[in-house]
Amino acid sequence: MNSVSAEHSGAKDTTVGPSFAVSIVLPAHNEALGLGAAVESIRKVMHSSDVAYEIIVVDDGSSDETFKEIERQNVIDGNIKGIRLSRKFGKESALLAGLGAADGTVAITMDADLQHPPDLIPQMLQEWRDGARVVHAVKRDRQIDGWLTRSSAALFNKLLSLTSGLNMRGASDFKLLDRAVIDLLVHDLPERGRFYRGLAGWAGFEQSSIPFDVLERDAGSRKWSSFALFDLALTAITSFTSAPLRVITILGAVTLVFGIIVSVEALWSWFRGDAVSGFVTIIITLLLIGSFIMISLGIIGEYIAKIYAEVKDRPSYIVEATCGFDENNGS
Ligand code: UDP
Ligand code: MG
């Protein structure tokens, strides 16, 4: 078929001759403005690399003309395909939908706003040819973000790395996955609450990293609300570490030791007949312990909520329409 697919037919050679070498998956929510330019520059890179490709744009419930733009692009180049989700399911679900429809020997996931430079693709493919099954594009430093965003992202990645054992430093969703890993993520992981960045590393196999500079957004604005980011952070934590639950246990043990010391001291004073009135102490202790208990319940509640979401077993996404796929394909 072409130079790439001829080399690696993948560790799990069960696919009946995938018709494309590289599937590029772009989740897009209200990206109509910049999508044309993004697709165009990816096409250019793919043409100059002389590799067969398909570009799958997953419209994550956009309220603008994103899907129409995909259809327009499909008329220009049949390699550009679209999946429209029935509503906004979030980037994680959009990525999963795209990977599920990907037909390639490898898939590359990247943002639809050109913040992930398509020029990196040939280098990622080279890493794959050299044997890597997962190639992570790692952010050098997001100078374009504000100080607060950068340091909170760094702190979050550091804490998650420490507790989950995965290296999340500079992690991004710009990745290349071999067919074996695509199949693993799409077919073998039943979980609903997904954190793609973590799962790709968790999968194992031979992994490699390439540093890159995050570019300025080409058009439109950032699509994450603070709530959506917070929710993603919770999914990341609850699906990769139970450290917060352990912290509760440790906190409980520390409080117990502290409680025993204070109780002994109080009893001693009582026996000696000079028990302190200690109203302020009691109020502070009550409030502190009350807060610890409520925070602990909240943390346990978050894990229970995630378990509940898994038990309900609702689909991660619903496909409303597709464009550019053969029949029986693309959902
Ligand atoms: N995106 C999506 N669904 C969402 C949020 C984002 O499909 O709920 C897409 C978005 O269209 C873009 C990519 O995910 O292609 C990255 O989003 P964005 O550029 O807003 O975030 P950032 O660059 O800050 O990570
Ligand atoms: Mg972006």
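Descriptive notes on the structure:
- For the chain, the solvent-accessible area of protein heavy atoms averages 53 Å² per residue (probe radius 1.4 Å; ligands and nucleic acids excluded).
- Expressed to the nearest 5 percent, the antiparallel share of DSSP beta bridges inside the chain is 30 percent.
- Trypsin sites (Lys or Arg not before Pro) restricted to segment 251-331 and DSSP loop, no more than 13 other C-beta within 10 Å: 272
- Cα-based helix-to-principal-axis angle, 32-49 vs the chain, degrees rounded to 10: 60
- With a threshold of 28 Å on the Cα-Cα distance, the over-threshold entries among 68/306; 139/223; 44/223; 139/312 are 68/306; 139/312.
- Rounded to the nearest 10 degrees, the inclination of helix 66-76 to the longest alpha-carbon principal axis of the chain is 20 degrees.
- A straight line joining the Cα centroids of segment 115-150 and segment 151-175 runs 14 Å.
- Relative to the longest principal axis of the Cα atoms of the chain, helix 243-271 runs at roughly 10 degrees.
- Rounded percent of accessible protein surface that carbon and sulfur make up, the chain, 1.4 Å probe: 61
- Given +1 at the Cβ of Lys and Arg, -1 at the Cβ of Asp and Glu and no other charges, the dipole of segment 258-317 around its Cα centre is 140 debye to the nearest 20.
- Per-residue [θ]222 nm for the chain (sum of -39500 (n - 2.57) over DSSP H runs n ≥ 4, rounded to 500): -16000 deg cm²/dmol
- More than 35 Å apart - percent of Cα-Cα pairs taken over the chain: 31
- Cross-link reach is defined here as a Cα-Cα straight distance under 20 Å, omitting same-chain residues fewer than 8 places apart; for residue 158 the aspartates and glutamates meeting it are 141, 145, 173, 213, 231.
- Of the GluC sites (Glu not before Pro) in segment 113-218, the ones in a loop by DSSP (not H, G, I, E or B) with at most 14 other beta carbons within 10 Å are 191, 206, 216.
The values are calculated or read from the model by the stated rules, or taken from the named source; none is laboratory data. All values derive from a computational prediction rather than experimental measurement. Counting neighbours? That spans all protein chains shown, and the Cβs are built from the backbone with ideal geometry, glycine included. Accessible surface areas use protein heavy atoms only, side chains included; no ligands, DNA or RNA. Shrake-Rupley method; radii C 1.70, N 1.55, O 1.52, S 1.80 Å.
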